[in-house]
Structures are given as C-alpha cells and as structure tokens.
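*Asks:* Just dropping this structure here.
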Amino acid sequence: MAVMNLIQAVNSGLKCALADDARVVVLGEDVGVDGGVFRATEGLLKQFGGQRVVDTPLAESAIIGVSIGMAAAGLRPVPEIQFSGFLYMAFAQLINHAARIRTRSRGSFTCPLVVRTPYSGGIRALEHHSESLEAIYVHTPGLKVVIPSSPYDAKGLLISAIKDDNPVVFMEPSRLYRAVKEDVPEGSYTVPLGKAKVVRAGSQVTVISWGSMLQQAKLALAHTSVDVELIDLRTLKPLDADTIIASVKKTGRCVVVQEAPRTGGLSSEIIAQINDSALSSLQAPVIRVAGFDTIFPLYKLEDHYLPSIERIVAAIETAASF
Amino acid sequence: MAEKVLKTFTVKYLQVLDESGKCDAKLMPKLSPKQLVELYELMVLCRKFDEKALSLQRQGRLGTYASFLGQEAAQVGAAYALGGSDWVFPTYRDAAVLVVRNQPMVRLFQYFGGDERGSIPPKGVNNFPIAIPVGTQGLHAVGAAMAATITKRKFATLACLGDGASSEGDMNEAFNFAGVFKAPVIFLCQNNQYAISVPVKQQTAAETLAQRAVGFGFEGVRVDGNDILAVYSAAAAAVKKAYLGEGPTLIECFTYRLGNHTTSDDASKYRSEAEVAAWRKKDPVLRFRRFLELRKLWNAKKEGELFVRAERRVSSAVGEYEKVPRADVDDIFKYTYSEMPQLLQQQMDDYKKLIEGR
C-alpha cells in the first residue's frame, strides 16, 4: 500500500498493465520523455522503452487511428489525448471505426484500446480544457465509458479497462488529480467495469454522480442532515441500472449530479431508467443538478458554471421534503 | 548568412508495358510465365465480378456498388505482390484487391448486398473490412504496421486510397506517422482522376500525388496504373523494403475510373465521352493480353476457356449469395460488445418478443 493521489494511481495502473502484459502500449503527445503534461506517464519510458511508450507527432486523429490498427493487430494500446477537448479531432476514428470494428467484421477483428483523457473544469485552464462531454461517448454504441472519482478506483478501473476486449473511453477528472489521496495497492488489482459503487448507504435520498461531481456531492453531505445514499457510477456505459434501481426503490427519492450540460446528459438517461423500473417507488420527482446549456466559461466565471455544494444541498433537501 | 537550396526532389515514374503491350525487358519484374498468366486470369476474373455486381445492382439484387472498372491492373498487381501474412485495408472500390486476397466472392456480394457477414475474412487472412469514410483507413494500416515492428513480427500492410483521400487530414496524418515510425506500410494510391465529380486538378496543386511522400520523408513513386507489371514491380519492391524495416512507400497508380463513382452516380454530368473513350484505349486488361499474346503465352482459345471459367465461378458465387439465409436479428446486437450488456440484452429480448408474435 502507498498513499496516492489520482494521477499517481493512474501512473501506477499503467505501470502494472505494461509490466503484466507485453501487448500493452502507451502512446500520445508528451507521454514519453516528458512523462505527460499531468505526469500520468512519468517514468514509463525509462522502465519500458520507446517501443512500448511512444511519443507521437501532434495529431489526435492519428493517435486514435493508429491505436485502432495496433489493437486489430493484437496489441492493447492505451492512447492518451492530452485534454478531452482535443478528442474531437479523433472523433471520427473513435465513432466510425473503434466503436464499430467488432460489429462491422462480425467479430473477426476487435478493438481493445483505452483512450485516456482528462476532463472537467475547476483547473483554471484555457478554453477547451474543461468540458464534460461524456454523454457523446455514452451515446455511441460499441464504446464503454469509465470515469473514476478516487485514486483506488482509478487504478483498478484502468487495469480492468486495459484488460477489456472493447474500446473504452477513460475520462479522468483533472480537478481531482491531486485533490484526494488514499491508500492504493502498489501491485495489480482490478475494479470491475459496469458496476456502480454505493459510497455511502442511506435511507432518505439517493444521490447519483460520477467523476469530479462525486467528490462535490460527498462534500455536500456535510451540509445537510438528510440521510443520503451516495452512488458513484464509475462506469457510465454499460450503465449499472440494477444498483440505481435498487437504491431508488429503497429511498423513493433521487438527485442526479452531473457537471455536464443539462440537456441530453447522462442524468436524462438515468431518470429514464428510473421511470422504466422504479416509477411506482418514487415519492418525489427526480432532480437534476447539472452544468448549464452554455459554452463552458473561461476561469473567471467557471465557479458559476460548476454545480456548487449549495445547489446540490438544495436539491437534496427539495427531494427529501417533497 | 546564406541563401542556398536545401532540398530538391524528383519523382520516379515507372511503365513496363506500353499501351500496345510491348515491354521494356530491362524493367520486367521477376515473374514466371505461369505467374504472368495467373495475373491475367485474376484481372479477367475481377472484371467479370465487377460486371456481374453492376448487373445485379441494376436488377435490384444488390445494393449500391462502386465499380473498379479500369483499375484492375492497380488492384490485382499490388495485391499479388503481398505475402500471405500481410494485411490489407481496402476501401469500397477495392473488391479486386479482396478477390486476389482470397476473400470469397460470395462474401463480397453479401457485403454489397447489405450483409456485414460479407466482411468476415477467410481464416488467417487479414483482410480488414472495407472503410467507407474516405481516407480514414490509412491510419489503421500504419497502426497495424507499427504493431508488426513493436512485436517483431514480419508483415507489411497495404493501405488503399484514392486521389480524393489524399486530401483528407487523416491520410496525411497517416503518411506522417508512417514516416516518423518507419512503419512497414505501402500506400496504394489509385489516382483515378476523379473524387466523384471533382477532378484531381482541383484536389491538389501538386503535379503528382506521389510527391506527397517526399514531404513526409519517405519514397513516393508514380507508376502507370494501367500497366500491371509496373504496379506489381513497384509493390513488390515496397513489400521487400517493408520487410527489411526500411519504411513506407507511396505508390501512385495513375489510372482512370471508367465507370461511374457508384451505381448512384452519373459520370456523364462531369466528364466527356471523348475523355472516357481515350482512356478505354488504355484498358489495362487488353494491354496485358496483348503482352501475353506477343510472348505466345496467350491465344484466342485460352481466352475463350478463361471467359467460360470466370463466368462460371462468378455465377456460382451469385447462386451461393442468393441462397445465404438472412441473419437473425440477434446479429445486429451480439457484436456490439464482447459480451452483451444487460440493458442491450433487454432491448433485444423485448424486440424479439414483439417480432416472434407476428
């Protein structure tokens, strides 16, 4: 065990994956000599060499495109896209090919790759560095989408994602990279994909969140006397509907907290799932706390955009007293 | 202070057979008489396939199809130069590449007949599925080639592209990565003069597409794309180079699409009959037949027999194709992920219940 923050846990996960499986290759901009702009790949080049840890030219579409070819040819590439705002350049490769190759070839070719990319606001960055557009990837058949909120889960989920036979978009909340520390095993272990985690059991209101907002929701709990059951989704696709439904059946009330814009976000799907399977248990409408349907502002105004503890607490109390 | 020329470049052009079928003996690739005949037979077989696909489409027995008529030399010549463990990354106009690579014709018909099972390659043959988005497949070929280097396996990859794709960002990124990582990849650029309706002059201000490679630090060559010996020769050299770890090659096959872009296109809208007629005279199949006849390797009798053989083989594939039962509805669900997520399973089960009641 060692005390690690989230970025150290990611680094440790990559190290384990590279050591455990010769097919694993890390590639991207500045991942080699520089060790990644957030230090996620620090030390990997030295330990595993330039064939396994590859500094690439600056071209996002190519990073994903060649990863697809590598994956088809038997490797397990883990491309890094420096910020999720630049993943759009590789969007066509991800949507048109990575997600479809298994289906298109009826299983003859597969695409086991893990796209790592930081997302989320609150890091006082330039434009395009702060968005939370995970729903785009969730909406794409063939992709899995994973967002950890803690160091322990980050490492275990990353190793699971690399072992998984499907393309995975692994979004790392950059705001949490150094915000939370906890004990993390130094060796290899997995946290299963597709399983949400009940972070705190409670009886009155179910709060569902993921990534950066999970920690925000956790902080909010200290400001309310409502007995909250807090669920960390961890995997957004495939969605663990069972855990959500079981909790909502128990509490009858639910708040979904997402940093992403409100319209068409994952919270909408979560509410639809609750509608399908737990409508008769509901004692209050499900409430969304979300980012706005606006362009993410530069950092002077970003605190207005990010769902605040105040907004989360208000939603919890509204749900509890409905 | 200085002002000097840092770099000049040249682009090699290769033609082994002229339009009358006469060959330059010095440039002849090493091919046995048997192989020369085999190349011709493959071209004829592919043309027969192409004709049949167009005719099936007109009769409503096949979906949209992109004819490669006129490009047989480029496709057959390049595919013939590959080894069994090499990979190909074709586009929608590369069915002849796939025929040479032993993709069963019945599956090609299936693919253009709207059935993904047509993309399943024969066991152990790495024919990647056809890429529809233009220019995206080059990166896959480079990635697979990089995998060959990383895992120290000896195989090369062939990326098919056209003149239109040479303008796409992804393709230029593929060229760049191939150059930087010295990937064992061959870019087979069939410059057939048109990207649907846009002529190559409007695609680029450069005189050749081959010179694109120079800017990315590797070798580009233009060949007469209607001369199968030139194509084969350039491709064989590129494959050898790839095996030796000497990096990528771009081969621009200067050719012409004699047919429409696809069965949904009418090329007479954007090019003249005179232009097409001039290219018909350069027909790659006819040219190679003349060459074989001059070498006494071919005659009218053999031609007649081949015609019957090819016709029979294609017709039998059509017969097979039309007997392939439609896949179950499960087929659209079950390959989405390696194992079916619960919510997807539920969608499938609900839908199946609905249609079973019909």
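*Asks:* For the range B:206-215, check the following and say yes or no: at least one residue is buried (at least 24 other Cβ atoms within 10 Å of the Cβ), within 23 Å of residue B:68 (Cα to Cα), at the interface with another protein chain (Cβ under 8 Å from one of its Cβ atoms) and without any contact (Cβ under 8 Å) to a residue 60 or more places away in the chain.
*Replies:* No; the residues of the range B:206-215 include none that is buried (at least 24 other Cβ atoms within 10 Å of the Cβ), within 23 Å of residue B:68 (Cα to Cα), at the interface with another protein chain (Cβ under 8 Å from one of its Cβ atoms) and without any contact (Cβ under 8 Å) to a residue 60 or more places away in the chain.
*Asks:* Taking the range B:73-107 as the search range and keeping residues that are out of contact with any strand residue (DSSP E or B) (no Cβ under 9 Å at 6 or more places or on another chain) and within 14 Å of another protein chain (Cβ to nearest Cβ), which one is nearest to residue B:314 (Cα to Cα)?
*Replies:* Here the answer is B:104.
*Asks:* Does the range A:91-112 hold any residues that are touching an Asp or Glu at 6+ places or on another chain (Cβ under 8 Å), in contact (Cβ under 8 Å) with a residue 24 or more places away in the chain and either under 16 Å from residue B:132 (Cβ atoms) or outside the structural domain of residue A:79 (by TED's automatic domain parsing) (or both), and which are they?
*Replies:* Of everything in the range A:91-112, those that are touching an Asp or Glu at 6+ places or on another chain (Cβ under 8 Å), in contact (Cβ under 8 Å) with a residue 24 or more places away in the chain and either under 16 Å from residue B:132 (Cβ atoms) or outside the structural domain of residue A:79 (by TED's automatic domain parsing) (or both) turn out to be A:92, A:93, A:103.
*Asks:* On to the next question. Restrict the check to the range A:45-68 and report whether at least one residue is buried (at least 24 other Cβ atoms within 10 Å of the Cβ), out of contact with any Leu (no Cβ under 9 Å at 6 or more places or on another chain), modelled with pLDDT of 95 or more and not aromatic (Phe, Trp, Tyr).
*Replies:* no
*Asks:* Quick one: count up the residues across the range A:232-283 that are more than 14 Å from chain B (Cβ to nearest Cβ), among the aliphatic types (A, V, I, L, M) and outside any helix (DSSP H, G or I).
*Replies:* 5
*Asks:* Name the residues in the range B:58-75 that are farther than 22 Å from residue B:120 by Cβ and either assigned to a helix (DSSP H, G or I) or touching a Ser or Thr at 6+ places or on another chain (Cβ under 6 Å) (or both), would you?
*Replies:* Across the range B:58-75, the qualifying residues are B:58, B:71, B:72, B:73, B:74.
*Asks:* Here is a further query. When you scan the range A:22-52, how many residues do you find that are within 11 Å of chain B (Cβ to nearest Cβ), aliphatic (A, V, I, L, M) and either touching an Asp or Glu at 6+ places or on another chain (Cβ under 7 Å) or under 26 Å from residue B:169 (Cα atoms) (or both)?
*Replies:* 2
*Asks:* Residue by residue through the range A:91-120, note down the ones that are under 15 Å from residue A:74 (Cβ atoms) and of a type in the set (Ser, Thr, Tyr).
*Replies:* Matches in the range A:91-120: A:105, A:108, A:110.
*Asks:* I'm checking my understanding of the structure. Among residues of the range B:308-357 that are of a type in the set (S, T, N, Q) and in a helix (DSSP H, G or I), which one is farthest from the other protein chains (Cβ to nearest Cβ)?
*Replies:* Filtering the range B:308-357 for residues that are of a type in the set (S, T, N, Q) and in a helix (DSSP H, G or I), the one farthest from the other protein chains (Cβ to nearest Cβ) comes out as B:315.
*Asks:* Keeping to the range A:60-82, report how many residues are among the small types (Gly, Ala, Ser), more than 7 Å from chain B (Cβ to nearest Cβ) and closer than 22 Å to residue A:174 by Cβ.
*Replies:* Qualifying residue count for the region: 0.
*Asks:* Now for a different question. Sort through A:260, A:272, A:290, A:284 and tell me the only one that's hydrophobic (A, V, I, L, M, F, W, C), surrounded by fewer than 17 Cβ atoms within 10 Å (Cβ to Cβ) and either on the phi > 0 side of the Ramachandran plot or within 22 Å of the chain's Cα centre (by Cα) (or both).
*Replies:* Matching residue, one of A:260, A:272, A:290, A:284: A:272.
*Asks:* Residues being surrounded by fewer than 19 Cβ atoms within 10 Å (Cβ to Cβ) and among the acidic types (Asp, Glu): count how many of those fall in the range B:169-191.
*Replies:* Residues flagged as surrounded by fewer than 19 Cβ atoms within 10 Å (Cβ to Cβ) and among the acidic types (Asp, Glu) within the range B:169-191 amount to 0.
*Asks:* Which of the residues that make up the range B:276-295 are over 19 Å from residue B:232 (Cα atoms) and surrounded by 11 or more Cβ atoms within 10 Å (Cβ to Cβ)?
*Replies:* Scanning the range B:276-295 gives B:276, B:278, B:279, B:280, B:293, B:294.
*Asks:* Taking residue B:194 and the conditions (1) farther than 28 Å from residue B:85 by Cα; (2) surrounded by fewer than 20 Cβ atoms within 10 Å (Cβ to Cβ), which numbered condition does it fall short on, given that it satisfies the others?
*Replies:* Result: residue B:194 passes all but (2).
*Asks:* Could you check the range A:121-142 and list, in sequence order, the residues that are modelled with pLDDT under 95 and touching a Lys or Arg at 6+ places or on another chain (Cβ under 6 Å)?
*Replies:* A:122, A:123, listed by residue number.
*Asks:* Note down all Cβ pairs under 6 Å where the first residue falls in the range B:221-235 and is closer than 14 Å to residue B:282 by Cα and touching a residue at least 60 places away in the same chain (Cβ under 8 Å), the second is surrounded by fewer than 24 Cβ atoms within 10 Å (Cβ to Cβ) and among the aromatic types (Phe, Trp, Tyr), and they're at least six residues apart or on different chains.
*Replies:* none
*Asks:* Might you let me know whether the range B:94-108 holds any residue that is crowded, with 21+ Cβ neighbours inside 10 Å, assigned to a helix (DSSP H, G or I), among the charged types (D, E, K, R) and under 18 Å from the mean Cα position of the chain (by Cα)?
*Replies:* Scanning the range B:94-108, I find at least one residue that is crowded, with 21+ Cβ neighbours inside 10 Å, assigned to a helix (DSSP H, G or I), among the charged types (D, E, K, R) and under 18 Å from the mean Cα position of the chain (by Cα), so the answer is yes.
*Asks:* Taking the condition assigned by TED's automatic domain parsing to the domain that holds residue B:316, surrounded by fewer than 24 Cβ atoms within 10 Å (Cβ to Cβ) and in contact with a Gly (Cβ under 8 Å, 6 or more places away or on another chain), does residue B:125 pass?
*Replies:* Taking the combined requirement at face value, the residue satisfies it.
*Asks:* Continuing with this model, one more query. For residues in the range B:140-165 being facing another protein chain (nearest Cβ under 9 Å) and among the aliphatic types (A, V, I, L, M), which is farthest from residue B:95 (Cα to Cα)?
*Replies:* That would be B:150.
The values are calculated or read from the model by the stated rules, or taken from the named source; none is laboratory data. The shown structure was predicted, so the numbers you read here are calculated from the model rather than taken from an experiment. When we count neighbours, we look across all protein chains shown, and the Cβ atoms used for this are built from the backbone with ideal geometry, even at glycine.
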